[in-house]
Each structure stands twice: as structure tokens, then as C-alpha cells.
1. At 37 °C and 0.692 mPa s, what whole-number value in µm²/s does Stokes-Einstein give for the translational diffusion of the chain, with Rh from the Kirkwood sum over Cα pairs?
2. For the range 1-71, report the % of Cα-Cα distances exceeding 18 Å.
3. Work out which trypsin sites (Lys or Arg not before Pro) in the chain are exposed loop sites (DSSP not H, G, I, E or B, at most 11 other Cβ within 10 Å) and give the longest gap free of them.
4. So if each residue of separation counts as 0.36 nm, and I subtract the Cα-Cα distance between L63 and Q30, what length gain in nm does that give?
5. Order these by the 10 Å Cβ neighbour count, fewest first: S44, S100, S115.
6. Could you work out how far apart the two model spin labels at L48 and L220 are, taking each label as a point 7 Å from the Cα in the direction of the beta carbon, and quote it in nm?
7. Hey, fewest Cβ within 10 Å first, where do T136, T46, T261 land in order?
8. Test of understanding: what is the full-extension gain from I187 to I249, defined as 0.36 nm times their sequence separation minus their Cα-Cα distance?
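What follows draws every value from the coordinates through simple rules; no lab data is involved. Being a predicted model, the structure only gives us computed values, none of them experimental. Cβ placement follows ideal geometry from the backbone for every residue including glycine, while neighbour counts extend to all protein chains displayed.
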Amino acid sequence: MLPAYILSLREGLEAALIIGIVFSTLRKMQRADLLLFFWLGAGSATVLSIITALLLTHFGLVLKDPGEAIFEGLTMLLAAGILTGMIFWMARQSRNLKESLETNVQSASMTGKWSLFGLAFVSVLREGVELALFLTAAVFASDAHQTLFGSLFGLGSAALLSAFLLATTIRLDLRRFFQLTGILLIIFAAGLIVRAAGELIIAGWIPALLPHIWDTGKFLSDESVSGQTLGVLFGYSASPSLMQLLAYIVYFVVVIVALLTKGPLSARNARVT
């Protein structure tokens with residue numbers, strides 16, 4: 001539930017930020033007549049994202065092994081990859097996101113109403129498909145009810161927080177917020193990598209190398225409430241294989257090196273900030 005909540009909160013705030021910038025830009029341009037096409041584009045993208053999530057989840061749940069294990073494993077890998085890419089993209093673009101979006105809105109408004117529709121559709125669809133893919137992977141890792149409640153609470157919290165910020169003079173440090181949630185999402189993505197490796201081992205696509213490197217089931221089993229929670233959050237397994245452990249370590253090493261060299265933690269970016 002917590003991963004779905006945090007990602008939904010993050011994506012909801014990103015969407016609210018985009019909507020706020022578009023509204024502000026159109027108001028400055030005195031082009032309120034284009035708002036209808038903006039909402040049509042954003043609404044169409046939202047509907048398509050929901051349909052994508054439902055189709056992916058349904059398809060994964062109706063499959064039988066080994067097809068089910070393969071589909072779930074590949075979906076988790078894809079979700080982890082997109083999550084990681086999204087974190088790096090936001091870290092690079094957050095500084096110039098407002099200026100870039102304002103320029104795009106101005107260009108689209110001069111081209112025509114359908115250009116603004118397309119801009120809204122693509123902007124919201126990117127956020128929606130990312131969320132849909134992650135929530136699908138979260139359903140496979142936990143269950144549909146927890147994922148649904150977490151996503152609804154997250155989107156609701158994002159809506160309330162956005163409304164509160166607009167109604168007051170309080171300003172949220174969005175850069176710090178995205179950095180903090182980015183760290184949490186990297187941890188969640190690592191958990192997805194571990195679970196994906198487990199599914200692909202079951203399907204026979206990759207070797208386990210060593211089936212059981214330890215067993216903590218006596219103290220914290222996978223079936224317990226705590227074990228299930230840690231499994232969804234961090235990819236915990238009472239008896240992981242060597243391949244799962246290596247996948248976890250390699251993912252963190254690659255991400256940390258990338259953060260230190262090209263990401264927001266690099267020395268160059270640190271001097272800029």
C-alpha cells in the first residue's frame with residue numbers, strides 16, 4: 001500500500017504542477033478559450049491510462065505459469081526501469097520544467113487548439129502510463145485491494161495538498177520533495193527487481209545460481225504480515241536465491257554510481273545548486 005501511495009502522491013503532484021503551469025500561462029496570454037481543449041487532452045490521457053492499467057492487470061492475472069511468471073517478471077522489470085528513468089529525468093528537468101512547459105504551451109496555442117490538446121494528452125499520458133505500469137507491478141507484488149487503496153489515498157492527498165498550497169501563501173519545496181520520494185522509489189524499484197528475478201527463475205529464464213543462500217523464515221516468514229509488507233516495500237524474501245541477491249546489489253551499485261556521476265548528486269550539479 002505504501003509504495004502505491006507514495007508514487008500516486010508524487011505523480012499526482014507532478015500532474016497538478018503541470019496543470020497549474022498551463023492555467024497560469026493561458027491566463028497570462030488571455031486564452032481561456034483553450035482550456036476546454038486542454039481538459040479534453042488531459043481527460044483522454046487519464047482514461048487511456050486507466051484502461052492500460054486494467055488491461056495489464058487482467059492479462060497478468062488470467063495467465064497460468066510459466067506465462068504468468070514471465071509476464072509478471074517482465075512487467076516488474078519494466079516498471080523498475082521506468083521508475084528509475086523517471087527519477088533521473090525529474091532530477092535533471094525540475095530546474096527548467098516551468099520555463100520549458102510555458103514555452104510549449106505558448107507554441108501550441110499559436111499553432112491551434114488541437115496542438116494544445118496534444119500537449120496536454122502527451123504530458124498527462126506520460127505520468128498516467130508510468131503510474132499504471134507501476135500499480136500493475138504492485139498488484140503482482142502484493143494484492144489489488146492494497147494497491148487500489150494506496151493509489152486512491154495518494155491521488156487524494158495530492159489533490160488536497162495542491163488545493164491547500166494554492167489557497168495559502170505556503171510554498172512546498174518541490175525539488176526536495178521529489179528528491180526524497182525519488183530515494184524511496186529507488187528502494188521500491190530495487191524490490192521490484194528482486195521479485196522480477198524470482199519470477200523469471202520460476203519461469204526458467206534465468207538461473208538461481210544458488211537456490212537458498214539463507215533462511216530467515218523461522219523469524220520472519222514471507223507469509224507473515226511483516227514479511228509481506230517488507231516484501232512489497234524492499235523485496236524481502238526469507239530465502240532468497242543468489243541471483244536475486246546479485247540483482248539487488250547490482251541495481252543499487254549502478255544507480256548510486258549514476259547518481260554520483262551524472263545525476264543530482266554529482267559534483268557538477270552540486271556546484272550549480
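1. Numbers: Rh = 20.1 Å.
Value of D from the Cα-based Kirkwood radius: 163 µm²/s.
2. Working: 1501 of 2485 pairs.
Here the tail beyond 18 Å accounts for 60 percent of pairs.
3. Details: sites that count: K64, R171, K218.
No qualifying site falls inside 65-170, the longest such stretch.
4. Numbers: separation 33, 0.36 × 33 = 11.88 nm, distance 5.22 nm.
The L63-Q30 span can extend by a further 6.7 nm.
5. Values: S44 15, S100 12, S115 18.
Result, fewest neighbours first: S100, S44, S115.
6. It is 4.2 nm.
7. Working: T136 27, T46 16, T261 11.
Ascending number of Cβ neighbours within 10 Å: T261, T46, T136.
8. Values: separation 62, 0.36 × 62 = 22.32 nm, distance 1.15 nm.
Working it through step by step, the gained length comes to 21.2 nm.
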